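S.K.: Submitted below is the structure of interest, expressed as structure tokens.
The values are calculated or read from the model by the stated rules, or taken from the named source; none is laboratory data. Fair warning: this is a prediction, and the values are worked out from it, not measured in the lab. Neighbour counts are summed over all protein chains in view; Cβ atoms, including those assigned to glycine, are modelled from backbone coordinates with ideal geometry. Areas reflect the complete protein model, heavy atoms only, side chains present, ligands, DNA and RNA absent. Shrake-Rupley method; radii C 1.70, N 1.55, O 1.52, S 1.80 Å.
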Amino acid sequence: MKGRARLLLEKAADSLLLGIEKFNCPFEPGRVTAVLIFLDHAFEMLLKASILQRGGRIRKKGAPETFGFDACVRAGLSDGKVKFLTGEQALTLQMLNGLRDAAQHHLITIEEAQLYIHAQSAVTLFRDLLKGVFRQELKDYLPRRILPISTQTPVDLSALFESETSEIRKLLNRQRKARIEIDARLRPLAIVEATIRGQKTQPSRNELHKLEKRLKKKRNWKDLFPGVSQIEISPHGSGATLSLRLTKKTGIPVVLVPEGTPGASVVAVKRVDELGFYNLGAKELASNVGLTINKVVAAVRVLKIDKDPNCFKEVTVGKIKFKRYSQQAIAKIREALRRKTIDEIWREYQRGIAKR
């Protein structure tokens, strides 16, 4: 094994061990945050070790810093020289990284069943990559008895989301709503959904409140989190050999998100249900970005959103065609508005009309 790869792998194993220790700790203060931080760090070190072991680079030429988490995932997934990740493994990593980000920088409440899924699937993935890249066994680094232990061992992601949304509805129906608690419980669900959509973002308070309103209307959780409904948990073995892997359901492809896409992560689940993915009309798009219909149309034309298949599609229902936009269109417009004002976009749009 290459020298730097060996040292990084040792750091990865140390952090994995600490993450498992914190998961099994009987004291709750700081437990969830510590688990997510240590597991996330374990994988960043493991990804870098794997890239080096395969003969790749973990730092761009002349750059002062090594690759971040996303860049490591992209290299492991798409660099033909070093490729060692599948799309489903990348999704698992992105979910963990998004939850860690929320836990470290904001407020998050993860119920025990969901935390167990992420912890056990992390151990499984670490074991898979260690064997696939380094031809080594996890037991060479950790005592065989060291595994996440839970009194609840869910193996149905759909049941978990249904249960969680049901509990959040109960909180929403209280006369005195625990707003901070509701947001903290809804945030991890929204992060997992955004990850599957291919978005690397933390949900805003406004986005969470819109989800809450839809929950209060007793909408089916699958309507709110269509991406999650495309993922299932595949359990294998038991005890010390238990493996949990998040997998896509049959026929649902995992696709690479183009590098440089504003607000995008590395991979996403491609939608079979087009109306579920392109779930915004022009009016809803305008409302989400805080523009009038006319100005959002101007933004769509100037930014060429209607030319981007990840953002726009004409969906045919019967004999009628509908112009529909995805959630990625929101991110693209918001990113553009950081660089120029809507008035500048509007003037550019008017100049284009005049030329025609």
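S.K.: Using a cut-off of 20 Å between alpha-carbon atoms, which aspartates and glutamates can reach Lys48, once sequence neighbours fewer than 8 places away in the same chain are excluded?
M.R.: Counting by Cα, and skipping residues close in sequence, Lys48 has these aspartates and glutamates nearby: Glu10, Asp14, Asp40, Glu65, Asp70, Asp79, Glu88, Asp101, Asp128, Glu137, Asp140, Glu259.
S.K.: Heads up, I need the accessible area for Lys139: 1.4 angstrom probe, whole protein in place, Å², nearest 10.
M.R.: 120 Å²
S.K.: Then there is this: Return the calculated 222 nm mean residue ellipticity for the chain, to the nearest 500 deg cm²/dmol, obtained by summing -39500 (n - 2.57) across DSSP H runs with n ≥ 4 and dividing by the residue count. The partial results should precede the final answer.
M.R.: Numbers: 14 runs with 196 residues, N = 356.
About -18000 deg cm²/dmol.
S.K.: In bins 10 Å wide, starting from 0, what share of all Cα pairs of the range 70-115 does each bin hold, as a percent?
M.R.: 25, 41, 25, 9
S.K.: Could you work out how far helix 179-197 tilts from the main Cα principal axis of the chain, as a 0 to 90 degree angle to the nearest 10?
M.R.: 90 degrees
S.K.: Here's something else I'd like to know. Express the C-alpha Rg of the range 273-356 as a ratio against the empirical globular expectation 2.2 N^0.38 Å, rounded to two decimals.
M.R.: Values: Rg = 12.9 Å, N = 84, 2.2 N^0.38 = 11.8 Å.
In units of the 2.2 N^0.38 Å rule of thumb, it is 1.09.
S.K.: Quick one: which of Lys216/Lys321; Lys217/Lys319; Lys210/Lys332; Lys217/Lys323 span more than 24 angstrom between C-alpha atoms? Please list the in-between numbers first.
M.R.: Working: Lys216/Lys321 31 Å; Lys217/Lys319 31 Å; Lys210/Lys332 20 Å; Lys217/Lys323 26 Å.
With Cα atoms farther than 24 Å apart: Lys216/Lys321; Lys217/Lys319; Lys217/Lys323.
S.K.: Also: Quick one: accessible area per residue over the range 50-127, 1.4 Å probe, rounded to a whole number of Å²?
M.R.: On the way: 3060 Å² over 78 residues.
It amounts to 39 Å² per residue over the range 50-127.
S.K.: Now for a different question. Once the dipole of the chain is set up with Lys and Arg at +1 and Asp and Glu at -1 on Cβ about the Cα centre, which of Ile233, Met45, Asn206 lies farthest towards its positive end?
M.R.: Asn206
S.K.: What does the charge dipole of the chain about its Cα centre add up to, to the nearest 20 debye, if the Cβ of each Lys and Arg holds +1 and the Cβ of each Asp and Glu holds -1? Mind dumping the intermediate values first?
M.R.: Values: 65 positive and 38 negative charges, 282 e Å.
So the dipole magnitude of the chain works out to roughly 1360 debye.
S.K.: Treating the angle as unsigned and between 0 and 90°, give the value, to the nearest 10°, between the Cα long axis of helix 293-302 and the longest Cα principal axis of the chain.
M.R.: 70 degrees
S.K.: Further question on the same structure: Please list log₁₀ I(q)/I(0) at q = 0.12, 0.21 Å⁻¹ for the range 9-152, using the Debye equation with identical point scatterers on the alpha-carbon positions.
M.R.: Calculated log10 I(q)/I(0) at the listed q: -0.47, -1.34.
S.K.: For the chain, what % of the accessible area comes from carbon and sulfur atoms, probe 1.4 Å? All intermediate terms of the calculation are to be shown ahead of the outcome.
M.R.: Numbers: 9180 of 18160 Å².
Roughly 51 percent, rounded to a whole number.
S.K.: Which is farthest toward the positive dipole end of the range 281-356 among Thr341, Cys311, Ile353, measuring Cα position about the Cα centre, with Cβ charges +1 (Lys, Arg) and -1 (Asp, Glu)?
M.R.: Ile353
S.K.: Let me ask something else. Note down the Stokes-Einstein diffusion coefficient of the chain in µm²/s, whole number, using a Kirkwood radius over alpha carbon pairs, 4 °C, and 1.567 mPa s. Please report the intermediate quantities before stating the final value.
M.R.: Numbers: Rh = 21.9 Å.
Taking Rh from Cα pairs, D becomes 59 µm²/s.
S.K.: Kindly rank 181-190, 72-81 from highest to lowest mean number of other beta carbons found within 10 Å of each residue. Write out the running numbers ahead of the final one.
M.R.: Working: 181-190: 21.3, 72-81: 18.3.
Ranking the peptides 181-190, 72-81 by packing returns 181-190, 72-81.
S.K.: Do any of Lys11/Lys200; Lys11/Lys61; Lys283/Lys313 go past 22 Å between their Cα atoms, and which? Could you put the intermediate results ahead of the total?
M.R.: Numbers: Lys11/Lys200 26 Å; Lys11/Lys61 24 Å; Lys283/Lys313 15 Å.
From Lys11/Lys200; Lys11/Lys61; Lys283/Lys313, over 22 Å: Lys11/Lys200; Lys11/Lys61.
S.K.: Moving on. Of Glu344, Glu259, which has the most accessible area with a 1.4 Å probe, and how do the rest follow in descending order?
M.R.: On the way: Glu344 80, Glu259 145 Å².
Most to least solvent-accessible, the answer reads Glu259, Glu344.
S.K.: Viscosity 1.002 mPa s, temperature 20 °C: give me the Stokes-Einstein translational D for the range 68-180 in µm²/s, with Rh taken as the Kirkwood radius over C-alpha pairs.
M.R.: Details: Rh = 16.7 Å.
Calculated translational D: 128 µm²/s.
S.K.: When Lys and Arg each count +1 and Asp and Glu each count -1, what net charge do the other residues less than 15 Å away from Cys25, Cβ to Cβ, add up to? Walk me through the numbers on the way to the answer.
M.R.: Working: positive: Lys22, Arg31; negative: Glu21, Glu28, Glu112.
Neighbourhood net charge equals -1.
S.K.: Here's something else I'd like to know. Once you have all Cα-Cα distances for the range 12-97, histogram them in 10 Å bins from zero and send the whole-percent values.
M.R.: 18, 43, 28, 10, 1
S.K.: With no solvent and one equal point scatterer per Cα, compute the Debye intensity ratio I(q)/I(0) for the range 186-231 at 0.17, 0.28 Å⁻¹ and report its log10, rounded to two decimals.
M.R.: -0.44, -1.11
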